[in-house]
Amino acid sequence: MHIVVCMKQVPDSAQIRVHPVTNTIMRQGVPTIINPYDLFALEEALHLRDRLGGEVTVLTMGPPMAEESLRKALTFGADRAVLLTDRAFAGSDTLATSFALAAALNKIGQEFGEPPIVFTGKQTIDGDTAQVGPGIAKRLGLNQLTYVARIADLDPAAGTITVERRAEGGLQVLQTRLPVLITMLEGVNEIRRGSLDDAYRAARAQVVRWSAADAGITELARCGLKGSPTIVKKVFAPQGRAEKVRQVPTADRSADELAVDVIAAIFRTQPPLEDDLLRFAAGQ
Amino acid sequence: MIRDKFDAIVVGAGPSGNAAAYTMAKEGLKVLQLERGEYPGSKNVQGAILYADALEKIIPDFREDAPLERHVIEQRLWTMDDTSYVGMHYRSDDFNEEKPNRYTIIRAQFDRWFSGKVREAGAVLLCETTVTELLRDPQGRVIGVRTDRDGGTAFADVVILGEGVNGLVGQRSGLRPELKPDTVALAVKEMHFLPREVIESRFNLAGNEGVVIEAMGTITDGMTGTGFIYTNQESISIGIGCIVSDFAESGRTPYGLLEAFKRHPSVRPLLEGSECKEYAAHLIPEGGYNAMPELFGDGWIVVGDAGQFVNAVHREGSNLAMTTGRVAGETVVWLKRRREMATKANLAEYQRRLEETFVMKDLRKYRRIPDFLHRNKHIFGVYPKLLSAAAQTWFRVDGVDKRAKEKQIFQSFRSGRTLPGLIGDALKLARSWR
Ligand SMILES: Cc1cc2nc3c(=O)[nH]c(=O)nc-3n(C[C@H](O)[C@H](O)[C@H](O)COP(=O)(O)OP(=O)(O)OC[C@H]3O[C@@H](n4cnc5c(N)ncnc54)[C@H](O)[C@@H]3O)c2cc1C
């Protein structure tokens, strides 16, 4: 079975900083990683391949340096990597991204075999929209299974799949027909290490590079900034709290006295709280 | 198992491993390089000063695209007591030359750049792959390595160990004894960020000019060690290190020393307003010539810190690493051309070639220094105090006549360290320096 995993290279949010003046994210010098949510999708795909045979292709749209993330995915054990890269894609929002990825997925189908399953992560850590996966599903007419916690059953011959989906208030068991788009939930598996052979193969692999034209995209107006109706009007950092840690001296105080000190200290910084409490006490 | 067989496997992607891998790959050898870090440089710590000469001999036009911070135009040597320093500064516009001699660098960036060159030259690099042991044939010849990945063996005609100071692979494989605490220093270092302009005005610099400060004295609290402050483009590297056995004896902590160094009244203003964004600790092999392990054997060669190739007095390490890596690579290429095996006898050529370079000449010249410093720790405490007191007596204008001041200074030296002591130190130092 041919499985495609769509993934994104994102700045490592643990090491990111916001510019104090412009409030924009300072990407320069920040190391990039594979969007952590995508790794759960990748592991699930590799696991299915190991069980059922076939190939895993990883696909990403991004700048040329996104090749690094693809190579890493190959190290984990993916069989093929496709990088969709073109100036025309710069500034894409989720609508334009799903348009381009859907086109690339069509092309992948023609070149390397139709994939009955396309995976994406639940969402990205830099955009957090969770829209690209469903966008792709809609454009390609794939049944979509989002927030999947477990693939309970997969029958390629019958063309059916059963999954457990985490939903508000419980777990849904869903069955549908292939082909599907699955967005994997986090924490459901752990990405493997990759054997020495995988690492060696990855280091020497040729990453497939497609421009918009290579992917068969003719409507450039639907790509990049031009094809993106979303406009970021303003970016701002949440106000940091001025108060940090307040110390209450403990020497020579009994526990009761200390409790009173602490409450007094809290009321000093939060006068409304005291009012509320007094009103509440009076009401009783 | 990787089915391909390699001409050489290089362990480590620091300066020594990269120099070796580059030298061989460029000559068309099939090279596999294994690095345990997430990327080359992710595990590595250095001050860091890059000495151009050693790199020029490997990549002559490295200045075109290497990530260099500042070229060094001023060297400051400080002898410090608790409140003062006596300094020797050398600054020269001659260092503003077309091809400067020394640069400050940031290792994480530099190692990545160097590794890019290695891969361009044709070597295959696998990161996040730790070599766990050497593989041998029944005759005991090294024929490959085992790694921590599944199916983790790979084979080659020769294995070059550029694994750094700890040298666990070599140790585990019985190529060398365990490190001794009195032959390694433990150094800690921080990167403090400041705007370019602030650094340039604080250190009296223009453009990409840089200053480096090396410091010794009471900052190491009687232990054998030194501190340093280097200027990068938008940050200052500050660090301090002492011999591990001294730390063990004194019970002092490395970060405690660094905090005190940073608080020193001569240092604090240099860091004022900076943001510390990185903290690192690393060992430095400082045992010198006498602590060197065996450097080669049947099917293996040791390069860089793993072979104790550091000149602690001059704070040179990366250049010895690059030079030993290059010479090891050249030796392997030479053998390959002659269709000869990497036997112990044939690899002796590596050491013969090294003897012709500054590496062995310098290490041999300073072979007595580590021991001298070990036995004469007062050098780090007594003299800085005496020197500072002398300077203060001399420069303070307080109605005491100059002859009396001279006498006072002489007296303080005699009572601080007795006349025989003074003469003895001078003689011993001269003898170890020779
Ligand atoms: C604080 C400090 C300041 C210094 N300042 C200077 C300076 O200013 N100028 C200077 O020239 N030198 C300086 N040095 C010394 C210099 O950093 C070293 O001499 C130099 O890095 C040695 O290079 P190397 O390649 O031998 O080892 P390293 O740079 O340590 O590289 C070894 C590599 O091998 C990898 N490795 C280790 N074990 C394995 C394994 N089992 N499998 C796979 N990979 C492995 C490591 O991850 C690492 O990348 C300084 C050192 C320190 C600690």
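The values are calculated or read from the model by the stated rules, or taken from the named source; none is laboratory data. Bear in mind that the values here come from a model prediction, so they are computed numbers and not experimental data. Backbone-built Cβ (ideal geometry, glycine too); neighbour counts: all protein chains shown. For the accessible areas, the whole protein counts, side chains as well, though only heavy atoms, and no ligand, DNA or RNA atoms are used. Shrake-Rupley method; radii C 1.70, N 1.55, O 1.52, S 1.80 Å.
What is the ratio of the Cα radius of gyration of the protein assembly as shown to 2.2 N^0.38 Å, with N the residue count, to two decimals? Please report the intermediate quantities before stating the final value.
Details: Rg = 31.3 Å, N = 718, 2.2 N^0.38 = 26.8 Å.
After normalising by residue count via 2.2 N^0.38 Å, the value is 1.17.
For chain B, find the longest principal axis of its Cα atoms and tell me its angle to the long axis of helix B:344-355, 0 to 90°, nearest 10. The helix B:344-355 is inclined about 30 degrees to chain B. Taken along its three principal axes, the alpha carbon spread of the stretch B:158-262 comes to 52, 40, 17 Å, from the longest extent down to the shortest.
Geometric descriptor of the stretch A:242-284, per residue, is 72 Å³ (volume of the convex hull of the Cα atoms). Here the contact order of chain B, divided by its residue count and restricted to Cα pairs under 8 Å and six or more residues apart, works out to 20 percent.
On a per residue basis, the protein assembly as shown carries 49 Å² of accessible surface, using protein heavy atoms and a 1.4 Å probe. Measuring heavy-atom accessible area with a 1.4 angstrom probe and counting protein chains only, the residues of the stretch B:1-16 that give up at least 50 Å² relative to the chain alone are B:ILE2.
Could you check which residue among B:ARG353, B:ARG368, B:ARG337 shows the biggest mean-square fluctuation in a GNM of chain B with a 10 Å Cα cutoff? Checking each option, the largest mean-square fluctuation is seen for B:ARG337. Partners of A:LYS226 within straight-line reach, counting aspartates and glutamates whose Cα lies under 17 Å from its Cα and excluding those fewer than 8 residues away in the same chain: A:ASP86, A:ASP93.
Ranked from highest to lowest mean number of other Cβ atoms within 10 Å per residue, what is the order of the peptides A:219-232, B:10-23, B:138-151, B:178-191? Working shown, then result.
Working: A:219-232: 14.0, B:10-23: 32.7, B:138-151: 17.2, B:178-191: 19.4.
The most tightly packed comes first, giving B:10-23, B:178-191, B:138-151, A:219-232.
Would you mind checking the tilt of helix B:419-433 against the longest principal axis of the Cα atoms of chain B, expressed as 0 to 90 degrees and rounded to 10? The answer is roughly 30 degrees. Using a simple spin-label model with pseudo-atoms 7 Å out from Cα toward Cβ, B:ALA248 and B:PHE193 lie 3.9 nm apart. Normalised by the number of residues in the stretch B:370-433, the average gap of Cα pairs under 8 Å and 6 or more apart makes the relative contact order 38 percent. I'd like the distance between the alpha-carbon centres of the stretch A:44-95 and the stretch B:126-144, rounded to an integer number of Å. When both Cα centres are located, 33 Å separates them.
Sort the following peptides by mean Cβ neighbour count (other Cβ atoms within 10 Å, averaged over residues), highest first: B:320-327, B:371-378.
Numbers: B:320-327: 28.6, B:371-378: 15.8.
Highest mean packing first, the order is B:320-327, B:371-378.
By how many degrees, between 0 and 90 and to the nearest 10, does the Cα long axis of helix B:402-417 differ from the longest principal axis of chain B? Helix B:402-417 and the main axis of chain B meet at about 50 degrees. Of the three principal axes defined by the Cα atoms of the stretch B:61-152, the extents in descending order read 60, 39, 25 Å. Per-residue surface analysis assigns B:TRP334 an accessible area of about 80 Å², computed on protein heavy atoms at 1.4 Å probe radius.
Within the stretch B:388-427, the trypsin sites (Lys or Arg not before Pro) that combine a DSSP coil assignment with at most 15 other C-beta atoms in a 10 angstrom radius are B:ARG396.
What percent antiparallel are the DSSP beta bridges of the stretch B:1-106, to the nearest 5? Show your work: numbers first, answer last.
On the way: 13 of 17 bridges.
Counting DSSP beta bridges with both partners in the stretch B:1-106, the antiparallel share is about 75 percent.
Taking only the C-alpha atoms of the stretch B:370-433, Rg followed by Dmax gives 13.8, 45 Å.
Calculate the mean, over all residues of peptide B:140-152, of how many other protein chain Cβ atoms lie within 10 angstrom of the residue's Cβ.
Numbers: counts 0, 0, 0, 0, 0, 1, 1, 3, 2, 9, 8, 6, 4.
Average per residue, whole number: 3.
Considering only protein heavy atoms and a 1.4 Å probe, what is the carbon-and-sulfur percentage of the accessible area of the stretch A:2-227?
50
For chain B, the Stokes-Einstein estimate of translational diffusion at 37 °C and a viscosity of 0.692 mPa s comes to 143 µm²/s, using the Kirkwood hydrodynamic radius over alpha-carbon pairs. In the structure shown, the pairs B:LYS5/B:LYS26; A:LYS72/B:LYS277; A:LYS122/B:LYS277; A:LYS72/B:LYS57; A:LYS8/A:LYS107; A:LYS122/B:LYS43 are assessed against 21 Å; a Cα-Cα span above that value is assigned to A:LYS72/B:LYS277; A:LYS122/B:LYS277; A:LYS72/B:LYS57; A:LYS122/B:LYS43.
Put simply, the convex hull of the Cα atoms in the stretch A:2-227 casts, on average, a shadow of 13.1 nm².
Would you mind giving the mean number of other chain beta-carbons within 10 Å of the Cβ of each residue in B:419-427, as a whole number? Show your work: numbers first, answer last.
Working: counts 0, 0, 0, 0, 0, 0, 0, 0, 0.
Mean shielding by partner chains, rounded to a whole number: 0.
Out of the stretch A:129-184, which trypsin sites (Lys or Arg not before Pro) are coil in DSSP terms and have no more than 14 other C-beta atoms within 10 Å? Loop-located and lightly packed - none at all. For B:LYS117, a cut-off of 15 angstrom between C-alpha atoms picks up these aspartates and glutamates, skipping any fewer than 8 places away in its own chain: B:GLU27, B:GLU56, B:ASP61, B:GLU64, B:ASP65. First compute the accessible area of chain B with a 1.4 Å probe, then give the percent of it belonging to carbon and sulfur atoms. Using a 1.4 Å probe with all protein chains present, chain B comes out at 51 percent carbon and sulfur.
Mind giving me the FRET efficiency for B:HIS314 and B:TYR279? R0 is 35 Å, r the Cβ-Cβ distance, nearest 0.05 is fine. Don't skip to the answer; put the middle values down first.
Values: r = 26 Å, r/R0 = 0.74.
Efficiency for this residue pair is about 0.85.
Since only A:LEU171, A:ALA130, A:ALA45 are under comparison, the one whose Cα sits farthest along the positive direction of the charge dipole of the stretch A:2-227, derived from C-beta charges on Lys, Arg, Asp and Glu, is A:ALA130. How are the alpha carbon pair distances in the stretch B:1-93 distributed across 10 Å bins from zero to the largest one, expressed in percent? P(r) over the stretch B:1-93, rounded to whole percents: 12, 30, 28, 17, 9, 4, 0. Neighbouring Cβ atoms from other chains, within 10 Å of the Cβ of residues in A:251-257, number 0 on average. In this simple spin-label model, placing a label point 7 Å from the Cα along the Cα-to-Cβ direction at both A:GLU168 and A:ALA251 gives a separation of 5.4 nm.
Between chains B and A, what is the buried accessible area in Å², counting both sides, with a 1.4 Å probe and ligands, DNA and RNA left out, to the nearest 100? If you can, show how the numbers build up before the last one.
Numbers: alone 19610 and 16580 Å², together 34880 Å².
Between B and A, the summed buried area is about 1300 Å².
Here, P(r) means the percent of Cα pairs in each 10 Å bin from 0 to the largest distance; for the stretch B:281-420 it is 10, 29, 19, 15, 12, 8, 4, 1, 0. For the stretch B:215-283 versus the stretch B:366-408, the spacing of their alpha-carbon centroids is 22 Å.
Normalised radius of gyration for the stretch B:210-260, please: alpha carbon Rg relative to 2.2 N^0.38 Å, two decimal places.
Working: Rg = 11.9 Å, N = 51, 2.2 N^0.38 = 9.8 Å.
For the stretch B:210-260, the normalised Cα radius of gyration is 1.21.
Can you give the FRET efficiency to the nearest 0.05 for A:ASP126 and B:ALA426, using r as the Cβ-Cβ distance and R₀ = 60 Å?
Details: r = 64 Å, r/R0 = 1.06.
My answer for the efficiency is 0.40.
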